[in-house]
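In what follows, a single structure is set out as structure tokens and then discussed.
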Amino acid sequence: MKITKTTGILSVMTLALVTSPMLHADDSGWYIGGNIGQSRADIDEAEITSSLTANGFSDISVLADSIDLGYKFYGGYQLNRYFALEGGYFDLGKFNFTSTTQPAGTFNGSIKLKGINVDLVGFMPITEKLSAFGRVGLNYAQAKDSFSGTGFVHVLNPNAKERDTHLKIGAGLQYTFTEKLAARLETERYRIDDAVGNHGDVDLISVGIVYRFGKPTPPPAPIAVIAQAPVPAPVVTPPPPAPRFEKYTLSATELFGFDSSAVNLPQVKLEEITTALKSSGAPKQVVIVGYTDNLGSDAYNQKLSERRALAVKDYMVGRGVESERLIAEGKGEADPVVMCTDKNKTDLINCLKPNRRVEIDQVKMVREIKK
């Protein structure tokens, strides 16, 4: 029995993936996963026919079963934003053939394939949640053959077994649902020894789930409390103060939906600020700064804060404020208002609410302050 090679090399994918300067995955950490799918091998019917013909048989027909269920379990470590090391166990299933001959008889064969592997995996992002990846590594596979004959066909060696190490390559897509959970779709090629002196390839197309273990959260920095001395009342009644500006801080929870940068309507405070900026004596330049909490990756939070600041700017421009007067920028997790250590996720999200905000800074809302 021989499993033949199929065309098409997947390893070129790996080079393309590891050259990208970005990656959606976290910097480092352990993870585990499992895949299940369809394994496929090509039974070399010509080789079987040739072998039987050499032994005096004719009118040979071969019926092959070259598809089976395959699966694998694996664990890995994300080395950095670009590479991970993975190792695990695989079972490619069982493949069979039956050939009929003249003089009357049958020649039957099967092979079971399973083993362990270690791979180097490279990643490249497509979107914020979807990444492509490629892999190259080694597999140490065990092949177990079983042969039998009926009628005039006699088998001299009914069982054969072989273990050997060969190349393994693959490519796929990974979609991240949360920081801990992701799904994979991938195709892999395993080079194997079929235990009767032939080499070949088996392809596994599978889907799976990846679970990433969390990293410990560093303790929060202490918050310094500065006592302020009371301001004495003035002896002489001062003249009416000149108009001054107030800094406006808007809650991201009120402005946007969860994980969104689309402004919710209506926005009373934002309308008030927009109206003031269109009045006479309004500032010529305003800085709009978006902030997030520290849940999620640094890169994702930075992009989300930028999108939210830009959404507030677009809201004001749409209501008549000149675009060149507004500067929108995002600072991600920087400058937190509160520090939280809650273990419960819901409590932690509520505690961090003040950090999720948009500040309209540098010559803010103009309002006369009266005593």
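Each reported figure results from applying straightforward, stated rules to the coordinates on display, with no laboratory input. None of the values given here were measured: they were computed from a predicted structure. Here the Cβ positions follow ideal geometry from the backbone for every residue, glycine too, while neighbour counts run over all protein chains shown.
Points worth noting:
- With 29 Å as the limit on Cα-Cα distance, the pairs of Lys129/Lys278; Lys112/Lys180; Lys72/Lys345; Lys129/Lys331; Lys303/Lys353; Lys269/Lys353 that go past it are Lys129/Lys278; Lys112/Lys180; Lys72/Lys345.
- Between Ala54 and Thr253, the contour length at 0.36 nm per residue exceeds the Cα-Cα span by 63.7 nm.
- Furthest towards positive pole of dipole, Ser66, Phe107, Phe90, structure part segment 60-114, Cβ charges: Phe90
- Sequence of His154, His199, His166 once ranked by neighbouring C-beta atoms within 10 Å, starting from the fewest: His154, His199, His166
- This ranking places Thr178, Thr53, Thr98 by how few other beta-carbon atoms lie within 10 Å of each, fewest first, which gives Thr178, Thr53, Thr98.
- In this structure the amide hydrogen of Phe152, modeled in the peptide plane, comes within under 5 Å of the amide hydrogens of Gly105, Thr106, none closer than 5 places in sequence on its chain.
- Residues Phe213 and Lys129, FRET efficiency given R0 of 22 Å [Cβ-Cβ distance, rounded to 0.05]: 0.70
- Local charge for Leu304 was computed over the other residues whose Cβ lies under 12 Å away, with Lys and Arg +1 and Asp and Glu -1, and equals -1.
- With θ taken as phi - 60° and the Karplus curve 6.51 cos²θ - 1.76 cosθ + 1.60 applied, the whole-hertz 3J(HN,Hα) list for segment 203-214 is 9, 10, 10, 8, 10, x, 10, 10, 10, 9, 6, x Hz, x standing for glycine and proline.
- Ratio Rg/Rh [Cα only; Rh per Kirkwood] for segment 244-367: 0.99
- Measuring nothing but alpha carbons in segment 117-168 and taking Rh as the Kirkwood radius, the Rg to Rh ratio lands at 1.38.
- Phi-based couplings in Hz for segment 152-161 (Karplus 6.51, -1.76, 1.60; Gly and Pro marked x): 7, 8, 10, 9, 7, 10, x, 9, 9, 9
- Over segment 12-212: Kirkwood hydrodynamic radius from C-alpha pairwise inverse distances, Å: 18.5
- Ranked list, fewest to most other Cβ atoms within 10 Å of each Cβ, for Leu130, Leu156, Leu310: Leu156, Leu130, Leu310
- For segment 12-212: relative contact order, % (alpha-carbon pairs under 8 angstrom, 6 or more apart): 22
- Cβ-Cβ FRET estimate between Lys269 and Leu181, R0 fixed at 35 Å, reported to 0.05: 0.40
- Relative contact order, whole percent, for segment 244-367 stands at 43, derived from Cα pairs under 8 Å and 6 or more residues apart.
- Stretched out straight at 0.36 nm per residue, the stretch from Leu63 to Lys331 would grow longer than its current Cα-Cα span by 89.9 nm.
- Karplus-based coupling profile of segment 333-338, in residue order and whole Hz: 8, 5, 6, x, 7, 10, with θ = phi - 60° in 6.51 cos²θ - 1.76 cosθ + 1.60 and x standing for Gly or Pro.
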